[in-house]
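Some notes on the structure that comes next.
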Amino acid sequence: MAVQEAKRANRLKSGKLVNKLVNEYWEDLINAKKTGKKVVYTTGLPIGPFMAAQDMAWIHGEGYGARVAARHEEKEPQTFAENKGFNRELCSYARTQMGCAMFAELGVPDDLNPGPIATEIPAPDAIVTCYPGCSTGPQWDWAIERVFGKKIPWFNVVIPYHMGRNGSTYMKGEEFEENVKYVVRQFEDLIKFLEVVSGKPYNWDKFQELMGVTKKVGQLRMEAMELCKAKPAPASFFDWSIQIAPVNYLTAWPGTIEAMQAVKDEVQERLDNGISAVPKEKYRIFWEGIMNWNKLGWMADKFASYDATVVAGRYTHMAFWHEPDTIDPEHPLRGIAINHLECQLNLGYPITEERMMTLSKDYSIDGIVFHGARTCRSFSRSHFLLAENLNKKMGIQSTSFEGDMVDDSFYKEELVNTRIEALIESLEAQKSRG
Amino acid sequence: MYQNLSTDEILNKLAQIAADPYERAKEWKMETGSKIIGCYIMHFPEELLHAAGVLPIVLQVKEEPITTGHAYYPAYFCGPTRSIVDQAAKGELDFLDGFVGGDYCIQAVGGAEVVGNLLPKVNNMFFRLPVGNQPWTHGDIVQGLKELKRDIERFADKEISDEDILESIRIYNKNRGLIREVYELKSIHPSLLTSSDMLSIIKSSMVMPKEEHNEILESLLPKLQAKKDSIKEEGVRVFLSGSFCGAPKNELLELVEQSGAVVVGDDLFHGYRYISDNIAEDREPLAAIAAHYIDKNTNVPCPTRCDPKTDWPQYLVDSMRKYKADQLVIVMAQFCEPHMFFYPDIKDAMQAAGIPHLLLEISHELDSIETIKTRLEAFVEMAV
């Protein structure tokens with residue numbers, strides 16, 4: 001039987017630097033209208049630099065939902081959305097942001113008492129969707145467009161699913177090249193759209209500069225994560241989840257290079273000094289699924305108590321400028337398209353499986369935790385196949401449990417405990433068999 | 001061959017085909033030695049597949065409980081996608097030579113991925129149908145059609161000419177037109193056909209050669225015309241909406257009518273949505289099919305298409321008036337995200353227009369049939 005002692009995950013200290021940037025970003029956003037900035041609502045992968053180049057503010061739907069949940073303010077907007085008729089089986093990011101957007105547009109009902117963050121969202125001047133591998137994103141943005149009376153200009157960058165037709169594989173093949181061209185053309189149209197919304201010619205110099213920053217931050221993050229192939233790993237998936245902001249809605253924000261450099265330096269320092277993310281690493285786990293933001297710290301300690309390091313995950317390692325070398329800051333559109341097209345949710349099953357197998361090998365994975373985020377069906381769609389096939393092809397054992405991104409009502413703590421314990425026990429048995 | 005059959009005999013024949021939806025296709029395969037392609041619900045150019053000499057069939061939800069499929073797809077995904085995965089897991093789709101998926105809904109994408117894994121010998125194709133309605137959307141759909149045409153040609157080992165496609169368009173247009181004639185009759189004489197009859201007509205059209213279905217409809221229509229004036233009309237006039245991808249169960253449709261309602265119109269996928277518009281026969285065929293996707297969505301808006309120029313709630317209000325319907329019954333498949341995103345707008349539009357509506361969120365297992373019955377009876381009684 002696996003013994004669970006009270007041990008704490010040794011989380012990266014430099015991660016706190018990001019908090020300052022996050023606060024600056026939200027301050028800028030909340031005051032955007034006062035400073036004359038246009039506000040663009042976005043969902044999906046990071047496209048902030050497109051707007052930042054035009055000195056516009058942007059709000060990222062999922063990032064905002066996660067922030068509201070991290071401050072434990074998600075219940076009120078979710079209740080408001082549900083009262084308006086939005087089913088609780090809908091994406092919880094969407095329900096949270098929809099609730100907040102409706103606070104902004106319709107006012108706060110007397111029977112609800114939302115927190116300050118849930119009510120500070122400014123109304124949009126435009127909506128830009130850029131959602132790979134998830135039909136929910138454009139449908140969510142369309143719902144936002146309707147909440148604001150169908151008056152807000154909306155641009156939807158269609159990111160085609162990279163199925164793997166006719167032998168196309170990761171970043172290769174006819175289908176891949178066709179898709180890249182298609183997305184680049186749409187980005188060119190997006191730029192024209194932003195010129196109209198902002199009322200000024202596009203600032204390409206600024207955009208190129210920002211994409212240079214994006215590339216650098218992306219490289220630093222990937223290099224830092226790769227240092228965690230070492231045994232024991234100096235940092236964990238939970239650290240990389242916390243470090244998502246600089247490569248997500250904070251992409252190219254001033255200070256992100258320094259923040260990510262500090263993270264990488266700390267990881268390197270730990271490696272040099274034999275300091276690990278989990279005090280006595282015995283098992284190495286892959287986290288498959290989106291993060292459960294209001295359980296992050298709890299989950300990190302939970303695995304640490306079993307001497308298990310969650311070293312990698314599809315959420316962190318297969319998206320968010322994960323292919324930084326494809327970005328040419330002078331001609332950035334192709335690189336942006338590649339990073340979006342080849343991200344974790346947009347790949348057909350055979351490509352996803354191949355990437356997962358590669359990561360599992362590179363990070364010496366013993367077991368996989370499948371977190372079935374109930375309202376993120378994009379992520380959980382291939383879980384059962386992956387569990388079966390990775391076990392068959394690589395002998396990797398796994399466990400699964402349901403949860404959610406920002407709606408903890410889908411979470412059954414005792415079930416989670418039992419499932420994790422069962423995985424650890426089977427890994428222990430496997431190791432003892434040699 | 002069908003002319004000598006009575007109305008009831010023809011309807012029974014269609015009901016049999018619909019009840020066992022792949023049997024006719026399998027017979028056709030034996031008869032012709034040709035290939036069958038399953039279209040993974042809900043948007044796909046059947047005409048293009050037909051033009052290659054293969055039989056496209058729309059994969060159907062089966063009413064039986066999901067069992068084997070549980071091992072491959074989570075229980076919190078919609079019934080239509082889970083049912084098709086279940087069929088593949090049980091070997092019931094082994095007769096397929098290929099199937100075509102799309103990315104309009106992530107649950108359909110995931111379902112097609114699982115089916116592709118379960119049926120490794122079946123050619124797995126994909127139709128890229130971009131959402132939205134921008135000035136470039138039509139051209140983008142044409143490009144998606146060209147890619148699919150290329151893949152079908154490789155699969156069927158046959159070059160598809162414009163004339164082939166045009167001929168298929170004519171056959172499919174004829175089918176849509178004939179079914180619309182049935183709809184026209186039913187809207188004026190709603191008791192002429194039950195909702196289950198209408199479902200059999202649509203569903204059988206989806207799973208058998210269109211040429212044969214046209215022949216059946218050409219026999220059926222004059223008989224319905226002859227019968228229409230002898231039908232006694234009574235009941236609360238109801239419009240049915242929703243039920244994307246999968247057909248509503250016959251049991252549910254029967255409950256609507258048993259509660260004292262007659263269905264005067266619908267926008268179901270297994271209903272008017274499937275046959276609402278023809279494809280232009282005087283344009284370059286791929287351009288015509290692409291335009292069809294945009295136009296039919298304007299006429300009967302679909303929440304998966306993300307076209308802000310369309311207004312589904314207003315379409316429903318207008319339809320209620322057009323068909324002089326008293327009440328709206330919304331059938332929402334459990335976990336259907338596109339539908340769930342729209343329900344608040346529909347609710348608001350109905351309230352603003354003073355139209356009573358009932359939302360029925362239906363699980364695949366129909367595990368609350370008594371509750372549905374009670375709710376329907378109470379709802380219909382309001383209008384009596």
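The values are calculated or read from the model by the stated rules, or taken from the named source; none is laboratory data. Since we're looking at a predicted model, the values are computed, not measured. Backbone-built Cβ (ideal geometry, glycine too); neighbour counts: all protein chains shown.
Summary of values
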quantity: Conditions (1) farther than 30 Å from A:GLU330 by Cβ; (2) in contact with a strand residue (DSSP E or B) (Cβ under 6 Å, 6 or more places away or on another chain); (3) hydrophobic (A, V, I, L, M, F, W, C); number of the one not met by A:MET56; calculated: (1)
quantity: Residues satisfying the stated conditions in segment B:30-82, i.e. closer than 23 Å to B:LEU199 by Cα and of a type in the set (Asp, Glu); calculated: B:GLU46, B:GLU47, B:GLU63, B:GLU64
quantity: Matching residues, segment A:181-203, being more than 14 Å from every other protein chain (Cβ to nearest Cβ) and closer than 15 Å to A:ARG334 by Cβ; calculated: A:ILE191
quantity: Considering residues of segment B:161-176 that are of a type outside the set (Lys, Arg) and within 15 Å of the chain's Cα centre (by Cα) only, the residue farthest from B:ASP229 (Cα to Cα); calculated: B:TYR172
quantity: Test for A:ASN156: is it of a type in the set (S, T, N, Q), closer than 21 Å to A:PRO46 by Cβ and more than 10 Å from chain B (Cβ to nearest Cβ); calculated: no
quantity: Residue match in segment A:39-52 (condition: buried (at least 24 other Cβ atoms within 10 Å of the Cβ), away from chain B (no Cβ under 14 Å) and assigned to a loop (DSSP other than H, G, I, E, B)); calculated: yes
quantity: Condition check for A:LYS229: away from every other protein chain (no Cβ under 14 Å) and over 26 Å from A:GLY63 (Cβ atoms); calculated: yes
quantity: Looking only at segment A:163-180, and only at residues there that are more than 10 Å from every other protein chain (Cβ to nearest Cβ) and not in a loop (DSSP other than H, G, I, E, B), the one that is surrounded by the fewest Cβ atoms within 10 Å (Cβ to Cβ); calculated: A:GLY167
quantity: Subset tally (residues that are in contact with an Asp or Glu (Cβ under 8 Å, 6 or more places away or on another chain) and either hydrophobic (A, V, I, L, M, F, W, C) or surrounded by fewer than 16 Cβ atoms within 10 Å (Cβ to Cβ) (or both)) for segment A:283-306; calculated: 1
quantity: Yes/no for A:ILE396 being modelled with pLDDT of 95 or more, more than 21 Å from the chain's Cα centre (by Cα) and buried (at least 16 other Cβ atoms within 10 Å of the Cβ); calculated: yes
quantity: Single match in A:PHE237, A:PHE207 (criterion: touching a strand residue (DSSP E or B) at 6+ places or on another chain (Cβ under 6 Å) and touching a residue at least 12 places away in the same chain (Cβ under 8 Å)); calculated: A:PHE237
quantity: Wholly within segment B:24-130, helices (runs of 4 or more DSSP H) carrying at least 1 residues that are of a type in the set (Gly, Ala, Ser), within 14 Å of chain A (Cβ to nearest Cβ) and crowded, with 23+ Cβ neighbours inside 10 Å; calculated: B:79-89, B:106-118
quantity: Qualifying position, being touching a Gly at 6+ places or on another chain (Cβ under 8 Å), on the phi < 0 side of the Ramachandran plot and not small (Gly, Ala, Ser), among B:ASP277, B:ASP311, B:ASP307; calculated: B:ASP307
quantity: Positions within segment B:131-143 being within 9 Å of chain A (Cβ to nearest Cβ) and in contact (Cβ under 8 Å) with a residue 60 or more places away in the chain, in sequence order; calculated: B:VAL131, B:GLY132, B:THR137
quantity: Where a residue in segment A:365-387 is facing chain B (nearest Cβ under 7 Å) and more than 21 Å from A:GLU421 (Cβ to Cβ) and its partner, wherever it lies, is part of a helix (DSSP H, G or I) and of a type in the set (Phe, Trp, Tyr), with Cβ under 8 Å and at least six apart; calculated: A:ARG374/A:PHE410; A:SER382/A:TYR349; A:LEU385/A:TYR349
quantity: Segments classed as helices (runs of 4 or more DSSP H), wholly inside segment B:254-365, with at least 3 members that are buried (at least 17 other Cβ atoms within 10 Å of the Cβ), within 14 Å of chain A (Cβ to nearest Cβ) and not hydrophobic (A, V, I, L, M, F, W, C); calculated: B:337-353
quantity: Counted residues, segment A:67-118 - those being free of Cβ contacts under 8 Å to residues at least 40 places away in the same chain, among the acidic types (Asp, Glu) and within 25 Å of B:ILE346 (Cβ to Cβ); calculated: 2
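Here is a yes/no grid of residues against (1) closer than 26 Å to A:VAL217 by Cβ; (2) of a type in the set (A, V, I, L, M, F, W, C); (3) at pLDDT 95 or above:
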position: A:ILE275; (1), (2), (3): yes, yes, yes
position: A:MET291; (1), (2), (3): yes, yes, no
position: A:LYS295; (1), (2), (3): no, no, no
position: A:LYS302; (1), (2), (3): no, no, no
position: A:THR309; (1), (2), (3): yes, no, yes
position: A:THR316; (1), (2), (3): yes, no, yes
